[in-house]
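The next block holds one structure in the form of structure tokens; read it before the comments.
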Amino acid sequence: MRASWDVLKQDKELLLFPLLSGVCCVLVLASFAGPILAMTDWQAASEAVVAQGVPGSDGRITGTQAWHMLTLFLFYCTNYFVIIFFNAGLIACAQIRMEGGDPTVSDGLRAAWARLPAIAGWAVLAGTVGMLLRLIEQRSNLVGKIVVGLLGMAWSLTSFLVVPILVIDNESPVGALQRSAAMLKKTWGEQLIGNFSFGLIFMLLALPGILVLVVGVTAQSVTLIVFAVLYFIGIALAQAALQGIFQAALYLYMRDGEAPEGFEAAALQASIGHGRH
């Protein structure tokens, strides 16, 4: 994380990628909110899907439920596309920096745009898996929900390196997933340890913000509340940027067997958790 931070300090503009991603995700949500709220009996349809899964009581899909599924699927895909696109730009910039260059935001956006078909394909694939897991979870009992949760975790781990592979090596979505899974089999543990470490650190960093927010709400201080919100936004942007840099560095290390510029092999080896095979 310290090495990722050193990269971020050299290119603070990388924070713009998660910022733009967050803004666009809000816009996507807003664009879907209108049609969703305009649907007649939307609440009843949602409750029916949660209670029964997708089919109606006669085992057939009603028009409202089909519209609900289609809208949800489109939202998943669009949201995934936005997140993946800006993450791809961030990773492209991180690669340029680790190869000795001096990246700009426009460099990252151009790289992401050049991979647009692959990014869109991966967004649809990831959205489909996310949608299926959600529907299965809604129809499952407690044990089923646990199983679906484990499947979701396995999917997240297996696909962790997909975006760096898409961006850096211009692979197809399916090919990138296969390579990501193959690397995972050889170095089991890197994603879990890396994600847990980053998540734990930023969870601790969030504690002061929580304290300020509680004090602000208790004292009814708008200044403290605004400060806490801005603090949370800041650490969220930093975490997203550092995570993207880490993904790029880890992939380059696993692919080439050498630590990229700014990173130590020992540190990347520690994030993997054991020797490379």
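The values are calculated or read from the model by the stated rules, or taken from the named source; none is laboratory data. Worth saying up front: this structure is predicted, and the values here are computed from it rather than measured. Backbone-built Cβ (ideal geometry, glycine too); neighbour counts: all protein chains shown.
Descriptive notes on the structure:
- Scanning region 83-105 for residues that are surrounded by fewer than 19 Cβ atoms within 10 Å (Cβ to Cβ) and either within 13 Å of Gln243 (Cα to Cα) or of a type in the set (Val, Ile, Thr) (or both) turns up Ile96, Thr104, Val105.
- Hits in region 120-174 - residues which are over 25 Å from Gln247 (Cβ atoms), of a type outside the set (D, E, K, R) and outside any helix (DSSP H, G or I): Ser140, Asn141
- Evaluating Leu74 against the criteria (1) surrounded by fewer than 18 Cβ atoms within 10 Å (Cβ to Cβ); (2) touching a residue at least 12 places away in the same chain (Cβ under 8 Å); (3) not in a helix (DSSP H, G or I); (4) not charged (D, E, K, R) leaves one unmet condition, (3).
- Here the condition is being within 21 Å of the chain's Cα centre (by Cα) and either of a type in the set (Gly, Ala, Ser) or modelled with pLDDT of 90 or more (or both); of Leu211, Leu192, Leu237, Leu252, it holds for Leu237 alone.
- Residue-level check: of (1) at pLDDT 85 or above; (2) farther than 30 Å from Leu109 by Cα, Val174 misses just (2).
- Note on region 116-147: residues that are polar (S, T, N, Q) and within 15 Å of Val163 (Cβ to Cβ) total 0.
- Conditions (1) modelled with pLDDT of 70 or more; (2) surrounded by fewer than 16 Cβ atoms within 10 Å (Cβ to Cβ); number of the one not met by Gly59: (1)
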